[in-house]
Amino acid sequence: MLLDTWDQLFLWIGKEANETERKESVARSQEYLRTHPGDRDPDTPIVMIKEGFEPPTFTGWFTAWDPFKWSSGKSYDDLKRELGDVALPVDIKPQEQKAVQREFQSFPPDMLLNKQASELPEGVDPVLKEKYLSDGDFIDVFGISKDDFVSLPQWKQLKLKKEKGLF
C-alpha cells in the first residue's frame, strides 16, 4: 500500500509479500513520483513500513488504526480454509422503498424565525424548523414552495435558512 502525504511516501509492505513484490513496490513508488501530475520532487523520501512495525508517523494518518487487529486473529488463509474457497452466489432482489414521511405540526413563522432551540415550541427539531411552516407560510418566508426548496442543493438550502432566520 502506498500512502502519499506529499512531503513523503509511506510504502507499507505486508508480511505475506514475496521478494519480487518488495522490490517492485519500491520501483513503482519511484515511478509514481516521476509520473505524478503535481510535478513532484523526485527526492521525496519513500519510507518503507513493515507490517507489525508501523510507527506513529504512519498510523496517525488512520484514525481507526488498531495495532492488534490481526495479531491474535485468524489469517486470511485460515478463514479461507474454514469458510471454503467457493463464494456462493447471492440473489439480491431490489425491494420497494417506502418513503417515510414524517408529519410536522405547523407553527406560525413568528414562533420559528430567529429563535434559539430553547425558545422553540416543544417538540420542534431546531435543525428542521422550515418543516414546521405551513405550505402558505413557507412560500411567504422563502418565496418558493417546499418541493422547490427540497430540490435545491443542500448548500443553497442552508444559505436560505440562514438568510431567513431558520438556522
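The values are calculated or read from the model by the stated rules, or taken from the named source; none is laboratory data. On a predicted model such as this, the values are computed, not experimentally measured, just so you know. Note that each Cβ is placed from the backbone with ideal geometry, even for glycine, and that neighbours are counted across all protein chains shown.
Numerical summary
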| read-out | value |
| --- | --- |
| Residue within the stretch 8-24 that is touching a Leu at 6+ places or on another chain (Cβ under 9 Å) and over 30 Å from residue 78 (Cα atoms) present | yes |
| Only one of 64, 99 that is modelled with pLDDT under 90, farther than 30 Å from residue 22 by Cα and of a type in the set (A, V, I, L, M) | 99 |
| The stretch 40-54, residues that are of a type in the set (D, E, K, R), surrounded by 10 or more Cβ atoms within 10 Å (Cβ to Cβ) and in a loop (DSSP other than H, G, I, E, B) | 40, 41, 51, 54 |
| Test result for residue 129, outside any helix (DSSP H, G or I) and either over 30 Å from residue 5 (Cβ atoms) or at pLDDT 90 or above (or both) | no |
